[in-house]
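*Asks:* Before anything else, here's the structure in question.
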Amino acid sequence: MTILDKLQQRKDWSEDERIVLDQIQRVANDVIKSNAKEFDRTAEFPWANVKALNELGMNSIFIPDAYGGSLMSYRVYLECVSIISEACAATGIIYATNFHAMKPLIDFGSEEQKKRFLPRIAGGGLASLAITEPGAGSDATGMKTRFTPDGDDIIIDGGKNFITSGDVADLIFLFGKWSEIDDPKGAISVLVLEKGTKAFSVLRKEDKLGHRASSTVTLSFDGCRVSRTNLMGEPGDGLKILLASLNKSRPSVAAHALGIARAAFNDMITYTNDRVQSSKRIIDFQGNQFTIADLSTELALTENWLDYVGRLVDAGEQDFGIEASTAKMRASDLAMRMSIEAVQMHGGYGYCKDYRAERLMRDAKITQIWEGTNQVHRQLIGRSFRFK
Ligand SMILES: Cc1cc2nc3c(=O)[nH]c(=O)nc-3n(C[C@H](O)[C@H](O)[C@H](O)COP(=O)(O)OP(=O)(O)OC[C@H]3O[C@@H](n4cnc5c(N)ncnc54)[C@H](O)[C@@H]3O)c2cc1C
């Protein structure tokens with residue numbers, strides 16, 4: 001048994017958690033992994049994979065029981081994201097985005113809002129989180145989408161780009177600025193936009209390097225009217241909600257990146273044990289063993305760090321932003337490095353589509369860019385060591 005197998009085996013899951021993890025592993029192997037290549041080729045939205053996840057009720061594991069869910073620990077959720085992403089990164093990010101968009105609603109929504117919205121997602125709906133705009137990427141406070149109060153309604157004008165699942169989502173957790181507040185940060189507010197709302201349209205779908213089956217779209221709002229009852233908290237509460245929700249979504253994107261890293265590592269080990277050159281398996285060459293040693297060590301340490309962050313969240317810790325940044329940066333850098341090395345170990349075959357190493361390399365790149373680019377995370381982590 002390898003150190004990575006032992007690491008998995010020694011994780012102290014409860015019996016219920018083990019059942020859920022075994023079920024998701026089975027569906028990942030039998031359905032999601034088998035579909036992944038074709039969805040990547042066609043860039044079609046992976047409805048069959050989403051259906052398979054919904055048959056297991058996977059959204060319900062992050063939604064409290066009172067709102068139609070069957071809440072489990074954050075650690076279990078993170079492990080599920082890794083398992084799904086190992087099988088298909090595009091399906092993994094679609095699933096994780098449901099969590100990213102709904103967790104702030106769970107943490108900050110009113111009782112009435114939670115009762116109205118959460119059962120839809122618990123029952124298998126898709127959700128989207130809309131922050132980014134053409135002029136507001138790493139600095140989200142530059143957003144221009146405008147929320148103007150009008151009696152019992154709010155009128156939305158503006159647009160968002162790069163929104164995962166924005167064209168298929170049942171609910172969009174949408175950030176904008178309150179027209180009556182002048183302060184550029186203090187004006188940030190957030191509301192829930194429901195599918196089918198008028199004067200809201202999808203302008204464009206991106207043709208991407210990786211995650212091809214996950215849709216990434218540009219949204220436009222032109223006098224789009226929603227009820228004021230869809231506003232989270234008070235006007236101006238958005239920045240607080242945004243920062244708190246990023247802390248929970250960053251370990252989640254780390255888990256997604258780790259899934260890609262695991263897939264690349266496993267493929268590399270299978271191939272190097274199988275491929276023979278100069279009458280030797282290529283794993284028997286010392287140079288390749290050094291690479292495998294470095295990468296397996298990185299994988300083990302990153303898995304453990306993420307597990308540590310998961311435990312902090314489950315214990316109710318509030319101050320874990322830098323720990324979350326560390327997990328995101330480390331896991332995504334590892335996914336990129338691991339997938340490049342996996343292609344390299346496959347030689348010329350790694351460059352061709354018969355093996356999935358090339359897809360993993362394409363899928364890995366975005367993990368260093370979204371949910372805060374790794375330059376931004378390095379800045380946050382470095383800055384945290386400044387003397388006050
Ligand atoms: C496939 C995909 C899916 C996405 N899904 C979503 C989604 O569902 N919802 C959503 O809201 N957004 C989403 N995004 C947007 C994503 O989060 C942004 O692309 C990301 O935050 C970077 O913003 P930007 O692209 O505008 O780059 P910019 O912010 O313009 O950055 C350009 C470069 O400058 C660097 N840079 C910028 N600021 C700093 C700084 N302070 N210090 C050092 N370097 C800096 C960056 O690191 C980067 O290398 C998605 C993007 C993609 C491509």
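The values are calculated or read from the model by the stated rules, or taken from the named source; none is laboratory data. Quick caveat, the model's predicted, so the values are computed rather than measured. Every residue, glycine among them, receives a Cβ derived from its backbone with ideal geometry; neighbour counts consider all protein chains shown. Protein only, heavy atoms only, side chains kept; ligands, DNA and RNA dropped before computing areas. Shrake-Rupley method; radii C 1.70, N 1.55, O 1.52, S 1.80 Å.
*Asks:* Could you tell me which numbered condition Thr141 fails, if it satisfies all but one of (1) of a type in the set (S, T, N, Q); (2) in a helix (DSSP H, G or I); (3) within 16 Å of the ligand (Cβ to nearest atom); (4) surrounded by 24 or more Cβ atoms within 10 Å (Cβ to Cβ)?
*Replies:* Only one criterion in (1) of a type in the set (S, T, N, Q); (2) in a helix (DSSP H, G or I); (3) within 16 Å of the ligand (Cβ to nearest atom); (4) surrounded by 24 or more Cβ atoms within 10 Å (Cβ to Cβ) is unmet by Thr141, namely (4).
*Asks:* Would you point out which residue out of Asp65, Asp22 is among the acidic types (Asp, Glu) and either farther than 23 Å from Ser249 by Cβ or in contact with a helix residue (DSSP H, G or I) (Cβ under 6 Å, 6 or more places away or on another chain) (or both)?
*Replies:* Selected residue: Asp22, the only one of Asp65, Asp22 that is among the acidic types (Asp, Glu) and either farther than 23 Å from Ser249 by Cβ or in contact with a helix residue (DSSP H, G or I) (Cβ under 6 Å, 6 or more places away or on another chain) (or both).
*Asks:* Would you check if there is a residue in region 177-198 being of a type in the set (A, V, I, L, M, F, W, C), open to solvent by 30 Å² or more (accessible area, probe 1.4 Å), within 16 Å of the ligand (Cβ to nearest atom) and touching a helix residue (DSSP H, G or I) at 6+ places or on another chain (Cβ under 6 Å)?
*Replies:* No, because not a single residue in region 177-198 is of a type in the set (A, V, I, L, M, F, W, C), open to solvent by 30 Å² or more (accessible area, probe 1.4 Å), within 16 Å of the ligand (Cβ to nearest atom) and touching a helix residue (DSSP H, G or I) at 6+ places or on another chain (Cβ under 6 Å).
*Asks:* Turning to a different aspect of this structure: Across region 14-33, what is the total count of residues that are in contact (Cβ under 8 Å) with a residue 40 or more places away in the chain and farther than 17 Å from Asn59 by Cα?
*Replies:* 2
*Asks:* List, please: which pairs have Cβ atoms under 8 Å, are six or more places apart or on different chains, and start with a residue in region 267-285 that is in contact (Cβ under 8 Å) with a residue 60 or more places away in the chain and end with one that is hydrophobic (A, V, I, L, M, F, W, C) and assigned to a strand (DSSP E or B)?
*Replies:* From residues that are in contact (Cβ under 8 Å) with a residue 60 or more places away in the chain, the pairs are Ile282/Val276.
*Asks:* Another question, then. Of the conditions (1) closer than 15 Å to Ile131 by Cα; (2) over 16 Å from the mean Cα position of the chain (by Cα); (3) surrounded by 15 or more Cβ atoms within 10 Å (Cβ to Cβ), Asp267 satisfies every one except a single condition; which number is it?
*Replies:* Looking at each condition in turn, Asp267 falls short on (1).
*Asks:* Give the number of residues within region 105-130 that are crowded, with 23+ Cβ neighbours inside 10 Å and either free of Cβ contacts under 8 Å to residues at least 40 places away in the same chain or within 16 Å of the ligand (Cβ to nearest atom) (or both).
*Replies:* Here the count works out to 7.
*Asks:* Looking for something at pLDDT 95 or above, part of a helix (DSSP H, G or I) and within 12 Å of the ligand (Cβ to nearest atom) - is there at least one such residue anywhere in region 150-169?
*Replies:* For region 150-169, residues at pLDDT 95 or above, part of a helix (DSSP H, G or I) and within 12 Å of the ligand (Cβ to nearest atom): absent.
*Asks:* Out of curiosity, is Met72 within 22 Å of Pro235 (Cβ to Cβ) and either within 16 Å of the ligand (Cβ to nearest atom) or open to solvent by 10 Å² or more (accessible area, probe 1.4 Å) (or both)?
*Replies:* no
*Asks:* Pick from region 326-384 the residues that are within 16 Å of the ligand (Cβ to nearest atom), open to solvent by 60 Å² or more (accessible area, probe 1.4 Å) and part of a helix (DSSP H, G or I): which of them is farthest from Asp294 (Cα to Cα)?
*Replies:* Arg383
*Asks:* Same structure, new question: Residues to consider are Ala213, Ala244; find the one that is at negative phi and in a helix (DSSP H, G or I).
*Replies:* On inspection, the qualifying residue turns out to be Ala244.
*Asks:* Out of curiosity, is Glu38 of a type in the set (Asp, Glu), over 30 Å from Lys114 (Cα atoms) and surrounded by fewer than 16 Cβ atoms within 10 Å (Cβ to Cβ)?
*Replies:* yes
*Asks:* Then there's this: With the checklist (1) closer than 21 Å to Trp370 by Cα; (2) in a helix (DSSP H, G or I) in hand, flag the one item Ala52 doesn't pass.
*Replies:* Single failed check for Ala52: (1).
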